[in-house]
Amino acid sequence: MTNKKQEIFFSSQETFGSMCHNLLQQIGAADNLLKITIFHCPADNEEYIQNLCLLTTCVNEFFGSNAPLTAYVAQPCVTASMAAEVTYIPEGVEYERHDGYTLLHGNGFCELITKGITPTTLSASIRRQSEEIFSQLSEILVKHSFDISDVYRQWNYIEQITAIHNERQNYQEFNDARSRFYNSADWSNGYPAATGIGTSCGGVMIEVFAIRGTNVVNHAIDNPVQVSAHNYSQKVLTGKTDEAQRTTPKFERARIVGDVVYISGTAAIKGENSLQLDNATAQTEETMNIIKSLTVADNIPVDCSATEYTLLRTYIKNSSEAAEVIKFMDERYPSVPKHYLIADVCRPELLIEIEGTAVVR
């Protein structure tokens with residue numbers, strides 16, 4: 001398994017195009033770039049589409065035939081106008097670039113990394129967009145002999161995630177579509193680590209990491225203080241559904257793949273219930289305590305003396321509370337690469353969600 005290095009870059013130029021060029025200059029034209037995920041807030045879906053096209057053009061012109069994968073997430077960055085998470089291909093790993101995804105080849109395994117997968121139109125319902133995206137993903141997986149259950153990390157970005165239209169909640173519509181897609185797979189080794197988070201616009205977009213091969217450490221990690229999301233009861237799910245009952249979010253609290261722990265989007269939830277904390281800083285502290293219980297050495301299902309955070313991404317619901325959250329995180333975790341985004345979380349009462357990676361020592 002490849003331990004993929006990540007870095008975070010920021011820009012605050014005047015226009016979207018100038019910010020893209022500025023970030024690409026900061027990143028540089030290295031051959032081993034795997035993926036660039038851009039975080040920035042467009043005004044609406046029309047601007048989102050225009051910006052996504054411009055981003056793709058800028059990346060292709062700057063890198064030529066060695067262009068990395070891209071994703072564009074419609075979330076405001078707190079500390080700059082635009083942020084970029086950059087992922088690198090480890091030295092010595094063979095790779096194949098394809099249109100929309102890259103394959104990494106190592107000793108006894110093949111890894112698939114996708115760009116941000118988007119639907120053909122943002123005017124369709126969340127259900128239709130989700131179904132189309134999963135159909136696109138299925139084609140890629142089948143083409144390269146991956147099973148659906150080979151997916152080990154998934155990011156799910158959903159426009160207006162908690163909004164309800166005709167009694168149907170956007171997040172629940174996505175969860176039902178995901179469950180239908182997952183139903184054909186054997187998940188005896190556990191579901192992927194995942195994040196389901198809101199965006200201001202941009203419809204539905206997903207990013208996926210998958211791996212196949214026998215020479216791979218790949219285990220689900222439960223959190224002793226939380227009910228697994230895929231075991232939630234109906235009482236914490238929202239919205240009308242066409243299914244027999246509302247389907248649960250199909251993800252694990254974390255996965256360890258190789259020596260990397262992929263921490264799913266985590267909020268102030270104990271058992272399956274949200275903690276009724278009255279401010280974002282209190283929720284942040286509780287969320288990091290919950291993540292600590294997830295990543296403590298005794299909870300890791302391999303030989304482990306300690307874990308060390310290598311990236312933390314914090315979603316903050318209300319911009320008015322961002323300064324205090326940043327102060328808390330910077331004081332508690334000063335050496336960890338991190339950044340902060342404004343985004344709606346999957347339950348209305350939740351003010352914070354945090355995801356990230358950690359390495360096993």
Please report the relative contact order for the chain, taking Cα pairs under 8 Å with a sequence separation of at least 6, and give it as a percent rounded to a whole number.
17 percent
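Which loop GluC sites (Glu not before Pro) in region 177-266, with loop taken from DSSP, have no more than 12 other Cβ atoms within 10 angstrom of their Cβ?
Working: sites: E207, E243, E252; in loops: E243.
Passing sites in region 177-266 are E243.
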So which of K240/K270; K250/K270; K4/K250; K250/K327 end up more than 21 Å apart, counting from Cα to Cα?
K240/K270; K4/K250; K250/K327
Stokes-Einstein D (µm²/s) once Rh is taken as the Kirkwood radius of region 117-170 over alpha-carbon pairs, at 37 °C in 0.692 mPa s:
259 µm²/s
To one decimal place, what orientation-averaged projected area in nm² is obtained for the convex hull of the Cα set of region 139-226?
7.5 nm²
Using helices alone, I'd like the mean residue ellipticity at 222 nm for the chain: each DSSP H run of four-plus residues gives -39500 (n - 2.57), total over residue count, nearest 500.
-8000 deg cm²/dmol
About its Cα centre, the chain carries a charge dipole, from +1 on Lys and Arg Cβ atoms and -1 on Asp and Glu Cβ atoms, whose size in debye to the nearest 20 is 400 debye
In whole Å, what three semi-axes, largest first, describe the equivalent ellipsoid of region 153-193 built from its Cα gyration tensor (square root of 5 times each eigenvalue)?
24, 12, 6
Using alpha-carbon positions, what is the distance between the centroids of region 1-24 and region 212-233, in Å?
31 Å
Across bins of 10 angstrom width beginning at 0, how are the C-alpha pair distances of region 198-276 distributed, in whole percent?
14, 37, 36, 13, 1
When the Kirkwood radius is taken over all Cα pairs of region 41-92, what Stokes-Einstein diffusion coefficient follows at 37 °C and 0.692 mPa s, in µm²/s?
259 µm²/s
Radius of gyration and maximum dimension Dmax of region 1-142, Cα, Å
15.7, 47
For region 278-344, what relative contact order do you get, as a whole percent, if you take Cα pairs closer than 8 Å and at least 6 residues apart?
37 percent
Could you point to the label whose value was computed as semi-axes √(5λ) of the Cα gyration tensor in Å for the structure here, given (1) 39, 22, 18; (2) 26, 24, 23; (3) 33, 27, 20?
(2)
As a test question: what accessible area, to the nearest 10 Å², does D303 have when a 1.4 Å probe is rolled over all protein chains in place?
150 Å²
Compute the projected area of the convex hull of the Cα atoms of region 58-140, averaged over all viewing directions, and report it in nm² to one decimal place.
7.9 nm²
Cα lying deepest toward the dipole's positive end in the chain, options Q26, N231, Q129, charges on Cβ
N231
Heavy-atom accessible area per residue, the chain, 1.4 Å probe: how many Å²?
40 Å²
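The values are calculated or read from the model by the stated rules, or taken from the named source; none is laboratory data. Bear in mind that the values here come from a model prediction, so they are computed numbers and not experimental data. Positions of Cβ are generated from backbone atoms using ideal geometry, with glycine treated the same way; all protein chains shown enter the neighbour counts. For the accessible areas, the whole protein counts, side chains as well, though only heavy atoms, and no ligand, DNA or RNA atoms are used. Shrake-Rupley method; radii C 1.70, N 1.55, O 1.52, S 1.80 Å.
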